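Below is one structure, written out as structure tokens; comments come after it.
The values are calculated or read from the model by the stated rules, or taken from the named source; none is laboratory data. Everything numeric in this text was worked out from a predicted model, so none of it was measured. Please note: Cβ atoms are built from the backbone with ideal geometry, for glycine as well, and neighbour counts cover all protein chains shown.
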Amino acid sequence: MLNENIKAIRKSKGLSQEELAIKLNVVRQTVSKWENGLSVPDADMLITISEVFQTPVSTLLGETVETSKVDDLKMISEKLEVINLQLAQRKHARRKILHGSLIALCVMIIIVFSALVVLNSPYLGWDYHDPETAVLGTAFHIFEYVFVRLAPLILIGAIIVIGLTRKQEH
């Protein structure tokens, strides 16, 4: 079973529960729960565990079974490996989409800021006695006022998230 395999491989690698927990970025109690069969790691964590142990996921999932069931177990393990790989690829694709969207947002903010600097608030010289000009000028002023105050915060937040998602890619 998975819990026995994690425990046996951990011990064969000469790792304590604490050392394994540090390598996996979890608390020691989590490793203990896995080894005692009280919980199981999710698919992403199984991949991480297999990388730390330098062991295929199929080995982690394999049970001690009779020879007649070895082929069935091998087939199930292979299917699970394919599913885990697909999940990892989806996660990576979502991260890339988020990363690209945030970069596009940053570029758009910089372009709008540049346009506002070049235009230098042209509505300030408009004749506000004309109702159409007054409404348009007021709307432009509100947009500029809100944009200039919120855009830097959004830009900084986007840059931070880009940095965090970039760290996770490596």
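With the checklist (1) without any contact (Cβ under 8 Å) to a residue 40 or more places away in the chain; (2) in contact with a helix residue (DSSP H, G or I) (Cβ under 8 Å, 6 or more places away or on another chain); (3) among the hydrophobic types (A, V, I, L, M, F, W, C) in hand, flag the one item A115 doesn't pass.
Result: A115 fails condition (2) only.
When the residues of the range 143-168 are narrowed to those that are among the charged types (D, E, K, R) and surrounded by fewer than 10 Cβ atoms within 10 Å (Cβ to Cβ), which ends up farthest from S101 (Cα to Cα)?
R149
Results for (1) outside any helix (DSSP H, G or I); (2) touching a Phe, Trp or Tyr at 6+ places or on another chain (Cβ under 6 Å), shown as yes or no for each residue.
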{"position": "V117", "(1), (2)": "no, no"}
{"position": "Y128", "(1), (2)": "yes, no"}
{"position": "T133", "(1), (2)": "no, yes"}
{"position": "G137", "(1), (2)": "no, yes"}
{"position": "F140", "(1), (2)": "no, yes"}
{"position": "F143", "(1), (2)": "no, no"}
{"position": "R149", "(1), (2)": "no, no"}
{"position": "P152", "(1), (2)": "no, no"}
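Which residue out of V40, V26, V31 is assigned to a loop (DSSP other than H, G, I, E, B) and surrounded by 16 or more Cβ atoms within 10 Å (Cβ to Cβ)?
Just one listed residue meets the conditions, V26.
Any chance the range 65-87 includes a residue that's part of a loop (DSSP other than H, G, I, E, B), more than 30 Å from I162 (Cα to Cα) and at pLDDT below 90?
Yes, because at least one residue in the range 65-87 is part of a loop (DSSP other than H, G, I, E, B), more than 30 Å from I162 (Cα to Cα) and at pLDDT below 90.
Here are the criteria: (1) under 33 Å from the mean Cα position of the chain (by Cα); (2) farther than 30 Å from N25 by Cβ; (3) of a type outside the set (K, R); (4) surrounded by 11 or more Cβ atoms within 10 Å (Cβ to Cβ). Tell me which single one F140 does not satisfy.
Failed condition: (1).
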